[in-house]
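Data first, discussion second: the structure below is written as structure tokens.
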Amino acid sequence: DVALYVGAAVMVYLAVRSNASSSEPTPPPIDNWAAVVRSGSLVGNPASQVVILEFLDYECPYCRKIHSTVAALAEQFPDHLAISYKQFPLAQHAAAVPAATAALCAEQQDRFHQYHNRLLLSPIAELRATPWMKIAQAVGVPDTAAFRLCLTGATARLRLRNDMDDGRKLGVAGTPSFFVNGYPFRSADPEKDLPEVVRQSVRGGTSP
């Protein structure tokens, strides 16, 4: 398992490095990568061959655009890819903080993935109408009364603040921001390049 992880990490490093400018050195991998991944909203096995960390904003048009690409990768490589999401709502998006809070409240009842998908697929105008309870009911949040209390409680606010603090420590300034196996992923065309990085990383170990 260690050999597979190292091989995948090397492939990711080479792929990410090729996307960076030759005059801009690639930063070292995140030291506490496993802890950062586990502290996010994790979809999949954190011991997967490839782990993507995404900082996102539910009102960000680029996050919404690339959502289908990330979802397709998760479906294509269910045994090889895990994704950890961290909230990074931007100040200019009025619905971003309450949407992030609602997603974290849904996570407390094991409905993060469903709620997250619904937020990204809903029109932005709908998000601005604060449909948090409606979405909770639609995705099967078991205890909607607890969910309602969570929306104004301290637990989700603290988690949101921690996610944003992690992002700032890692140099995140905008969304979506990706890290793959501990390395920052930068690309002018992430919808094309992110799948290629994942495929190269998978090929570096056991083929799916």
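Considering 40, 44, which residue is modelled with pLDDT under 95 and under 18 Å from residue 179 (Cα atoms)?
44
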Q: Only one of these is at pLDDT 95 or above and of a type in the set (Lys, Arg): 203, 159, 186. Name it.
A: 159
(Q) Which count do you get for residues in the range 47-62 that are open to solvent by 10 Å² or more (accessible area, probe 1.4 Å), over 16 Å from residue 176 (Cα atoms) and not in a loop (DSSP other than H, G, I, E, B)? (A) 0
Q. Which residues, taken from the range 70-93, are open to solvent by 20 Å² or more (accessible area, probe 1.4 Å) and either farther than 20 Å from residue 36 by Cα or without any contact (Cβ under 8 Å) to a residue 40 or more places away in the chain (or both)?
A. 71, 72, 74, 75, 76, 78, 79, 90, 91, 92, 93
Q.
If I ask for residues that are under 17 Å from residue 29 (Cβ atoms), over 13 Å from the mean Cα position of the chain (by Cα) and small (Gly, Ala, Ser), which ones from the range 138-181 would you list?
A. 171
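Quick one: how many residues across the range 134-166 are at negative phi and surrounded by fewer than 19 Cβ atoms within 10 Å (Cβ to Cβ)?
22
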**Q.** Candidates 112, 178 - the one that is under 22 Å from residue 34 (Cβ atoms), modelled with pLDDT of 95 or more, in contact with a Phe, Trp or Tyr (Cβ under 7 Å, 6 or more places away or on another chain) and buried (at least 18 other Cβ atoms within 10 Å of the Cβ)
**A.** 178
Q.
Give me the helices (runs of 4 or more DSSP H) completely within the range 92-208, filtered to those with at least 1 residues that are farther than 27 Å from residue 77 by Cβ, ordered by residue number.
A. 96-107, 124-127, 132-138, 144-151, 154-169
Q: Starting from the range 121-145, take each residue that is charged (D, E, K, R) and list its partners that are surrounded by 12 or more Cβ atoms within 10 Å (Cβ to Cβ), counting only C-beta distances under 6 angstrom and pairs at least six apart or across chains.
A: 128/95
Q: For residue 130, indicate whether it is open to solvent by 70 Å² or more (accessible area, probe 1.4 Å) and of a type in the set (Ser, Thr, Tyr).
A: yes
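The values are calculated or read from the model by the stated rules, or taken from the named source; none is laboratory data. All values reported here derive from a predicted model rather than from experimental measurement. Methodologically, a virtual Cβ is constructed for each residue, glycine included, from the backbone with ideal geometry; neighbour enumeration extends over all protein chains shown. With ligands, DNA and RNA removed, areas are computed over all heavy atoms of the protein, side chains included. Shrake-Rupley method; radii C 1.70, N 1.55, O 1.52, S 1.80 Å.
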